[in-house]
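Accompanying notes for the structure given below.
Here, each number is a calculation from the coordinates, and none is a lab measurement. Just so it is clear, the structure is predicted and the values come from calculations on it, not from any experiment. Here Cβ is always computed from backbone atoms with ideal geometry, including for glycine, and neighbour counts include all displayed protein chains.
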Amino acid sequence: MRVKRLFFCLKKEDSFGKAFHLINPESVLLGDIFKWVRSLGYDLEEIDYTHWRSQLIEVPDNPLYPYLPNFPESLSGTKNAVKYDRSNVVEGLKGSDIELTEVNRELFKTYLSYFEASRFL
């Protein structure tokens, strides 16, 4: 569905050179995501961020390893992190029947069900 939204925006003539960030309109706390995943029957251990990052550094085969530069050494000072703007997406979808999906427990349920069906989990 995200691809459909993105292509709808990109095929408009005035889209060239614009960034289209497909982001949730509301912030979601990582702790809430952990709760959703656990409530769907998955055993998910919550560990300290710095411990998690140090473990990631030790495992170059981890799929997240190439993204390590995006994870700061410390979470202090991350309030000034990059802000993503979805206004181009909202504007680009005007006149379509495409809705922006809110990230919530039901969306995670959909994703996890797909991952199970595809044997990724």
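Structure summary
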quantity: Dimensionless Rg/Rh of the chain - Kirkwood Rh, Rg from C-alpha atoms; calculated: 1.00
quantity: Stretch in the chain that is longest and holds no trypsin sites (Lys or Arg not before Pro) that DSSP places in a loop and that have at most 10 other beta carbons within 10 Å; calculated: 12-82
